[in-house]
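The values are calculated or read from the model by the stated rules, or taken from the named source; none is laboratory data. Predicted, not measured: the structure shown is a model, and the values here were computed from it. Every residue, glycine among them, receives a Cβ derived from its backbone with ideal geometry; neighbour counts consider all protein chains shown.
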Amino acid sequence: MHYSLVQEGVFIVESFLLVSSILLWVVVILNLLLTLALIRRVNTKKESTQSLEVGPPLGSQAPDFSAQTLNDETMTLEQYAGRPTTFVFVSPGCGPCSEFIPSLTTLVPQMRSTGAELVLVSNGTRAETAEMVRELADEVPVLIATRPDNPFFKSYSITLTPSFCSLDEQGLVLATGHPNDSDQQWRRITTDGARQKPLVDRR
């Protein structure tokens, strides 16, 4: 009788230890899965943030370029020296670009009143670009840098459209980003005509 009770007690203890071990491993595995999920989420968020970053580093010398106007005139960076210039990069067929472009009829004169220039840069063909800016009635300077033949977009690290890159009189990068009212640098550029020192590049 006593021996039977001892065996029963040992069985209960062993069962308890087995269940405890199983539960411990379940907790370890769940913790590992949660950790992996958290790491993946952080990496995805980081990649998403990086994909939104555009343009050369602030304060750096802007890369030279060569692009054509709608009148087939060749323009380079040197021809914009001496005045603050903001290049806005757009693509035919880009929904946000189509929504943004009509605002240029008032924005361009506003910037010119501060001594700054705004230039559209399209990665489409001449025909696509002409159709895209048809309503602007030649009020906005337009450059054509058709991909993949023209490296303008690539050299300025433009991965999304619309995006902008603002330069000072010496061709130094003042600001980069996306032209919308929620972008602090865009509001600053369109209000002050780019006559400021570059913001700190936090990338």
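Here are some notes:
- Total residues in the range 57-69, condition modelled with pLDDT of 95 or more, assigned to a loop (DSSP other than H, G, I, E, B) and surrounded by 14 or more Cβ atoms within 10 Å (Cβ to Cβ): 3
- Residue among Glu139, Glu117, Glu128 that is out of contact with any strand residue (DSSP E or B) (no Cβ under 9 Å at 6 or more places or on another chain) and either exposed (fewer than 14 other Cβ atoms within 10 Å of the Cβ) or not hydroxyl-bearing (Ser, Thr, Tyr) (or both): Glu139
- Hey, Arg41 under 30 Å from the mean Cα position of the chain (by Cα) and at pLDDT 75 or above or not: no
- Restricting the range 142-189 to residues that are part of a strand (DSSP E or B) and of a type outside the set (A, V, I, L, M, F, W, C), the residue that is surrounded by the fewest Cβ atoms within 10 Å (Cβ to Cβ): Gly177
- Scanning the range 106-132 for residues that are out of contact with any Ser or Thr (no Cβ under 6 Å at 6 or more places or on another chain), of a type in the set (Val, Ile, Thr) and in a helix (DSSP H, G or I) gives Thr106, Val108.
- The numbered conditions (1) at pLDDT below 90; (2) of a type in the set (D, E, K, R); (3) under 20 Å from the mean Cα position of the chain (by Cα) are all true for Arg195 except (3).
- Among the residues making up the range 71-105, those that are without any contact (Cβ under 8 Å) to a residue 24 or more places away in the chain and assigned to a strand (DSSP E or B) are Thr74, Thr76.
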